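Please read the structure below before turning to the comments.
The values are calculated or read from the model by the stated rules, or taken from the named source; none is laboratory data. This one's a predicted model, so the numbers in the text were calculated from it and none came from an experiment. Don't worry about glycine lacking a Cβ; one is built from the backbone with ideal geometry, like all the others, and counts go over all protein chains shown.
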């Protein structure tokens, strides 16, 4: 009985030791870097304590990007949730044929790299030669500045990210839906429940752990979004699509200020940790076995 | 009658969504057969007459792609096996035991997703160097195998399995390992299939990790090789597009092969 | 089973390779700049044939990740032996001084060699300030203005091949293109601060003055930006390239814009079959007050930490020696960053390329030989000293403010004031931190 106390640690050990060595330990070293001023060329660094953290807040530029990132997540996460759950429901519905082929097609956007995704959407959304605007011209409609107006560009990115990520989360939802015991639906049907009632009283509650997973993972993904806007909009127009991680990247590799970039990353790390734990607490999830 | 209306509605909805999701990809595939001057054609050409296989042939011969595909395959297969094994174990521990530090460990792991890897690349590089993992398959296989997403995925799946299953087994005197092996694993087919598909996709598409680890072209993976099509001022699209399309095929194959396992049938038999 | 066998045989071959060769391997970090990969590969093969004891491991890294990968290798304590770079500044403390090896390889004294070789003054600068040779200028790209001959014919314009060819003439040609319906836009212009700065210098402006103060917002600078913005206002340049991020070349490729402001690195690309399906040509850059064409040399450098400094230096010297550099430039339409070759001129061995390069080189020479402070300003702004460090590190601010002016959220004067105050502030920070 005493031994059982150690069992979970043993099960965790392989994965956790890899994290510890290859991510957490380098992360701690990175934290140390955040206390140094690193020079423009590869030379000696100078210890500056928490000055890098202070200088982040000297201008609003990083905070602005962080707020923009929040707003982006706030729009993207529900969109992804609806798309991926909707697709998963369709892709498990007995009424839809050829589901195993269709699932592949919906999954494919998640397989593409950021550079390719950006290229594809430039083809679709470009003001002059983009597919959509040419379609509008044929239909006699006005061309839209999808990527040239700050608001349009921001919203375009919300849709592009949803397009790129929904297939991935659809797969997670499909696995979740498939594991709901069929007996529950059968019992509900005997009681005369409608499709909608079955969805709200069986499917949704049974998918709660999966939903939490999808929401937390899509929050992280959207807060980390970087490569698609970097290529597609260059963070613009203005700074309308410059997100927090792009600031980190620019600081590290264009301004060559690794110390400041590390400090920014740790702020991001803490922000996420707070959001994630809040999401978890609000959902009151966790049913452990003693 | 009502049933068939609903069925038609769902099918129509599916195909509208399919069009929205798949059209851009269809465009990508079509473009990979286009001569470079037609990539940004104005007005866009839905069907161009001068589609050509030349891009594919030129791209395939521009580097040692059979070798890169082989490197990627070795790394992807080994790393995925490792990922599934350790994520199942860790996810099981986090879902079905209450233990001191459990939440802290869980959140530490999950929060590492939020560290931009680019920023801690140098410390990672130094650690890999000390473990003699630079320029080796091991360096590509072992460190990325532990993924917070994978562990989280497994944990959330196992949380919804009824605890009674485990309690009954304990009363019957089964060891914890036996519970994991004979009860949890067989019930986890859908999540194992999901994780396998994801892990194959992550490892196959991974760019940053190979970029850190590999400094020798003989060990290049497909994604590193794809990167070589982008130069300082231009991107060689007529090389990059065909190879991107080819590099998607293995993932599609794995997806098709493993998605059969989503369909359970296991659960129904076990809970009575 | 099969896989295990394959892995084992790969390992076996690797072990044998290490055991039976006395070769030394030099890792050469490289990024491509157009279709130059086959060219460098063939040059390396040539070198390996001449020196059977040396093997060059060419490490081709995507340009967008080059800085990252290289800085990781350097700070991780295992830099490559040799690297291609856009600039010496970031590597000044880790670069190998090859001065000791020059005389034995070339037979020239170091001073003589530096003078003969240095096509651009950056090498002289480092030699003068530190008595070291930290990397050798290799080749240079020069900015160039390409045009679509078919569309020019349609608009009934003859492209000038000689100067003076002024902004005013240029602008009226642009208007003619658009008004004649030959193309939707007249010009597509790459979105970089470097490309835009041609206009700055042509208007007689500069980024930094002699005292290390940012003066980009002086009337000349404002004139350059106002002119640029006016081209957008008149719909002569597509906004998608600057306000958006669409590659400028796409608008040239599909015929939507008749002129393309880019550089010599596009030449091998354009000469390749299938890149464009129209006839193209090149013309001198239009001038305002000054004839100015910016050039950017690339350098090849070695690292101090290498185990084989002599072999590294020899390879660098060989690669930039006159005959080899000539081969490189012929195949790529590149400009040699070598004083003597620039003076003598290169026969590009192909009449089409010769005529194109003729126009570009004439333009370039005119720019470097006349007119007041050019190109001294350019060097201070981009190549040498702390001023260059600031420009090269904080150029995104300049791009961003140009875009602000184009999209109308700032006037050209406000945009450049913002750049100037930002650059000056960074300069002040740099001075306090280096104290």
Take residue C:364 and tell me if it is farther than 30 Å from residue C:94 by Cβ, in contact (Cβ under 8 Å) with a residue 60 or more places away in the chain and assigned to a loop (DSSP other than H, G, I, E, B). no
Looking at C:305, C:226, C:240, C:250 in this structure, which one is part of a helix (DSSP H, G or I), modelled with pLDDT of 90 or more and more than 25 Å from the chain's Cα centre (by Cα)? C:226
Identify, from the list C:336, C:351, C:396, the residue that is modelled with pLDDT of 85 or more and surrounded by 22 or more Cβ atoms within 10 Å (Cβ to Cβ). C:336
Count of segment C:122-180 residues which are modelled with pLDDT under 90 and assigned to a helix (DSSP H, G or I): 9
Residue check, residue C:262 away from chain A (no Cβ under 14 Å), farther than 16 Å from residue C:149 by Cα and surrounded by 21 or more Cβ atoms within 10 Å (Cβ to Cβ): yes
Selection within segment A:136-188 - in a loop (DSSP other than H, G, I, E, B) and more than 12 Å from chain B (Cβ to nearest Cβ): A:139, A:140, A:141, A:142, A:143, A:144, A:145, A:146, A:147, A:148, A:149
Based on what the data block shows, is residue A:112 touching a helix residue (DSSP H, G or I) at 6+ places or on another chain (Cβ under 9 Å) and surrounded by fewer than 20 Cβ atoms within 10 Å (Cβ to Cβ)? no
Here the residues within segment B:206-233 that are part of a loop (DSSP other than H, G, I, E, B), surrounded by 23 or more Cβ atoms within 10 Å (Cβ to Cβ) and facing another protein chain (nearest Cβ under 7 Å) are B:228
Looking at (1) away from chain A (no Cβ under 14 Å); (2) closer than 17 Å to residue C:184 by Cα; (3) surrounded by 24 or more Cβ atoms within 10 Å (Cβ to Cβ), find the lone condition where residue C:251 falls short. (1)
Hey, residue C:357 crowded, with 16+ Cβ neighbours inside 10 Å, assigned to a loop (DSSP other than H, G, I, E, B) and at pLDDT 85 or above or not: no
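Condition test on residue B:261, is it closer than 28 Å to residue A:170 by Cβ, more than 8 Å from every other protein chain (Cβ to nearest Cβ) and modelled with pLDDT under 90?
Details: closer than 28 Å to residue A:170 by Cβ: yes; more than 8 Å from every other protein chain (Cβ to nearest Cβ): yes; modelled with pLDDT under 90: yes.
The answer is yes for residue B:261.
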Can you spot a residue in segment B:56-66 that is surrounded by fewer than 17 Cβ atoms within 10 Å (Cβ to Cβ), under 30 Å from the mean Cα position of the chain (by Cα), within 26 Å of residue C:246 (Cα to Cα) and modelled with pLDDT of 85 or more? yes
Check segment B:180-199 and report whether any residue there is in a helix (DSSP H, G or I), more than 24 Å from the chain's Cα centre (by Cα) and facing another protein chain (nearest Cβ under 10 Å). yes
Scanning segment B:78-107 residue by residue, those more than 7 Å from chain A (Cβ to nearest Cβ) and within 22 Å of the chain's Cα centre (by Cα) turn out to be B:78, B:79, B:80, B:81, B:82, B:83, B:84, B:85, B:88, B:91, B:106
